[in-house]
Amino acid sequence: MDAFFEQFPVVFKSLNVGFLQTLKLFAVTLLGALPLGLLISFGTMSKNKAVRAVVKVFIWIIRGTPLMIQLLIIYYFPGLVFDNPIWGGNEGGRFAASAVAFIINYACYFSEIYRGGIQSIPVGQDEAGLVLGMSKSQIFFRVKLLQMVKRIVPPMSNEILTLVKDTSLARIIALQEVIWAGQSFMKGSQGISGAIWPLFFTGVYYLVCNGLLTLLFGRVEKKLEFFR
Amino acid sequence: MSLLKVEHICKSFGKTGVLKDISFDLEKSGILSIIGSSGSGKTTLLRCLNFLERADKGTISVDGNKIYDGEDSSFLKPDVLRKNRLYFGMVFQSFNLFPQYTALGNVMLARQLEAKKNPAYKEKKKEILEGIEAEAVELLKQMGLSDRMNNYPHQLSGGQCQRVAIARALAMKPDILCFDEPTSALDPELTGEVLRVIRGLAEQKATMIIVTHEMAFARDVSSEVMFMDQGYVLEKGPSKELFENPKEERTKQFLARFREGG
């Protein structure tokens, strides 16, 4: 137990640094995947059959294969196959590769949630906007968007909580996120080795983070209760 | 000259012909009721006037200007379509209010968006928006909703919702106001308040086309009545004449059923 108290400050500091990287990947993924997902959802609803088909196959591939494999391919493929390691070997490169993989993957999941949300809005909303002389984009942004947001908050929050935990997959390309930081104390780091508790302790970070997010989504849902 | 001239409108969905060579005129301040059984094409006709459906053939003219020709795709350009739509206002059976806007917001929204195209918008933004609001408030008052302006649609009864929808349509100052079974989604108690509002508009000389199953109302309020059956206009005439002396056998049958049903 003494060892634990000695180790704790060192480990805590390290894990904080790792979790900051986790949060960064989480935030960047959201920032990229939320709008990209909307774009992809428009693709799946396109009037053009070819566009629809291409987008649907793309979503099938991305949702049908493990994110871990996608990470590995995106990170290693350019270097191994084209002899052009675009990402570089440092932490910045690993982060960029992770962000790209996560954004693409999550955008596909988000796009299906958006599509469900948009298609559940009665066609009468479009028609009412049209007969009032509104343009399609005005109807989308001023009439349908908020109704869609209200409908997708529950499935979206699910997906976003999963994203927090999924960021740990970036460990596979040695991104120095919180799992990586916890694991380092097993092999030996900063004078501590053979300690497994730091790895277990990383769970607390995810738990607290997702607890806060759950509260936040609850508030958003509440905020949107002003209309039905 | 008639305000609205509809000539030879045809519309099919796939192989099913829904409108078969529909032609009619409507004078300014005229009120045309369209009656007929479900599936006779009444609603589709109204939707063709608003371009919610594209008629396959035929022309629509307002004030002598052609605004639609089924055989000329230049009328289908989004900008042209948007502009020409505004000759008509539309009140739907299911209201279709925007749920996240208050009653007042519903009435103002399209006008506010339209105002942004005004070249003087940036300089006179406040004035313009205040003008729009004042008009919207006035319209809602006219509809008897002065105490409901800041309520959201889900806080209103069906009859109140439909009156907001009428105000919303009027806010665009349409030449012709179309009603698609405006009271069919309402229980009998709420029907009256909506019909009263439409009567009020009639007194103000609004030009209206009303698709309805309210026979007594159609008889009283309209200047003309058109009976549709299976995509054709079987009979059209002054309201009194059509109700009291229908010429076609099918019209007689239809009206008789209504009399029996009360």
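Taking the condition closer than 21 Å to B:Met208 by Cβ and either at the interface with chain A (Cβ under 10 Å from one of its Cβ atoms) or over 20 Å from the mean Cα position of the chain (by Cα) (or both), does B:Leu145 pass? Spell out how you get there, then give the answer.
Numbers: closer than 21 Å to B:Met208 by Cβ: yes; either at the interface with chain A (Cβ under 10 Å from one of its Cβ atoms) or over 20 Å from the mean Cα position of the chain (by Cα) (or both): yes.
Against the criterion (closer than 21 Å to B:Met208 by Cβ and either at the interface with chain A (Cβ under 10 Å from one of its Cβ atoms) or over 20 Å from the mean Cα position of the chain (by Cα) (or both)), B:Leu145 qualifies.
Check B:Ile198, B:Ile176 and return the single one that is within 14 Å of another protein chain (Cβ to nearest Cβ) and either modelled with pLDDT of 95 or more or in contact with a Ser or Thr (Cβ under 7 Å, 6 or more places away or on another chain) (or both).
Numbers: B:Ile198 fails: within 14 Å of another protein chain (Cβ to nearest Cβ).
Of B:Ile198, B:Ile176, the one residue that is within 14 Å of another protein chain (Cβ to nearest Cβ) and either modelled with pLDDT of 95 or more or in contact with a Ser or Thr (Cβ under 7 Å, 6 or more places away or on another chain) (or both) is B:Ile176.
Would you confirm, using the coordinates I've provided, whether B:Ile132 is more than 9 Å from chain A (Cβ to nearest Cβ), outside any helix (DSSP H, G or I) and in contact (Cβ under 8 Å) with a residue 24 or more places away in the chain?
Values: more than 9 Å from chain A (Cβ to nearest Cβ): yes; outside any helix (DSSP H, G or I): no; in contact (Cβ under 8 Å) with a residue 24 or more places away in the chain: yes.
The answer is no for B:Ile132.
Could you check the stretch B:155-262 for helices (runs of 4 or more DSSP H) lying wholly inside it with 2 or more residues that are among the aliphatic types (A, V, I, L, M) and surrounded by 19 or more Cβ atoms within 10 Å (Cβ to Cβ)? It would help to see each step written out before you state the result.
Numbers: elements: B:158-171, B:188-203, B:215-221, B:239-244, B:249-261.
The helices (runs of 4 or more DSSP H) meeting that bar are B:158-171, B:188-203, B:215-221.
What helices (runs of 4 or more DSSP H) lie completely within the stretch A:29-145 and have 1 or more residues being more than 14 Å from chain B (Cβ to nearest Cβ) and among the acidic types (Asp, Glu)?
On the way: elements: A:49-64, A:67-82, A:91-119, A:123-131.
Those helices (runs of 4 or more DSSP H) span A:91-119.
Being surrounded by 15 or more Cβ atoms within 10 Å (Cβ to Cβ) and aromatic (Phe, Trp, Tyr) is the filter here, so list the residues in the stretch A:39-76 that pass it.
Those that are surrounded by 15 or more Cβ atoms within 10 Å (Cβ to Cβ) and aromatic (Phe, Trp, Tyr): A:Phe42, A:Phe58, A:Tyr75.
Restricting to the stretch B:1-51, name every residue that is under 18 Å from B:Phe75 (Cα atoms) and more than 16 Å from the chain's Cα centre (by Cα).
Initial filter on the stretch B:1-51 (under 18 Å from B:Phe75 (Cα atoms)): B:4-11, B:45-51.
Matches in the stretch B:1-51: B:Glu7, B:His8, B:Ile9, B:Cys10, B:Lys11.
Given the conditions (1) part of a helix (DSSP H, G or I); (2) surrounded by fewer than 17 Cβ atoms within 10 Å (Cβ to Cβ), and given that A:Ser168 satisfies all but one, which numbered condition is not satisfied?
(2)
Scanning the stretch B:73-87 for residues that are at the interface with chain A (Cβ under 7 Å from one of its Cβ atoms) and closer than 21 Å to B:Leu26 by Cβ, which turns out surrounded by the most Cβ atoms within 10 Å (Cβ to Cβ)?
So the residue we want is B:Arg85.
Every residue in the stretch B:219-253 that is among the aliphatic types (A, V, I, L, M) and touching a Lys or Arg at 6+ places or on another chain (Cβ under 8 Å), please. Let's see the steps before the verdict.
Residues of the stretch B:219-253 among the aliphatic types (A, V, I, L, M): B:221, B:225-226, B:228, B:233-234, B:242.
Selection gives B:Val221, B:Val225, B:Met226, B:Met228, B:Leu234, B:Leu242.
Which of the residues spanning the stretch B:64-73 are outside any strand (DSSP E or B) and in contact with a helix residue (DSSP H, G or I) (Cβ under 7 Å, 6 or more places away or on another chain)?
Taking the stretch B:64-73 first, the residues outside any strand (DSSP E or B) are B:64, B:70-73.
Answer for the stretch B:64-73, where residues must be outside any strand (DSSP E or B) and in contact with a helix residue (DSSP H, G or I) (Cβ under 7 Å, 6 or more places away or on another chain): there is none.
Would you point out which residue out of A:Phe217, A:Phe185 is in a helix (DSSP H, G or I) and over 30 Å from A:Lys150 (Cβ atoms)? Give the derivation first.
On the way: A:Phe217 fails: over 30 Å from A:Lys150 (Cβ atoms).
Sole residue among the options that is in a helix (DSSP H, G or I) and over 30 Å from A:Lys150 (Cβ atoms): A:Phe185.
Looking only at the stretch B:98-109, decide whether some residue is assigned to a helix (DSSP H, G or I), away from chain A (no Cβ under 12 Å), surrounded by fewer than 19 Cβ atoms within 10 Å (Cβ to Cβ) and over 18 Å from the mean Cα position of the chain (by Cα).
Within the stretch B:98-109, none of the residues are assigned to a helix (DSSP H, G or I), away from chain A (no Cβ under 12 Å), surrounded by fewer than 19 Cβ atoms within 10 Å (Cβ to Cβ) and over 18 Å from the mean Cα position of the chain (by Cα).
Of the residues B:Ser61, B:Ser37, only one is more than 14 Å from chain A (Cβ to nearest Cβ), in contact with a Phe, Trp or Tyr (Cβ under 9 Å, 6 or more places away or on another chain) and assigned to a loop (DSSP other than H, G, I, E, B); which?
Numbers: B:Ser61 fails: assigned to a loop (DSSP other than H, G, I, E, B).
None of the others qualify; the one that does is B:Ser37.
The values are calculated or read from the model by the stated rules, or taken from the named source; none is laboratory data. Treat the numbers as computed from the prediction; the structure is a model and nothing was measured. Counting neighbours? That spans all protein chains shown, and the Cβs are built from the backbone with ideal geometry, glycine included.
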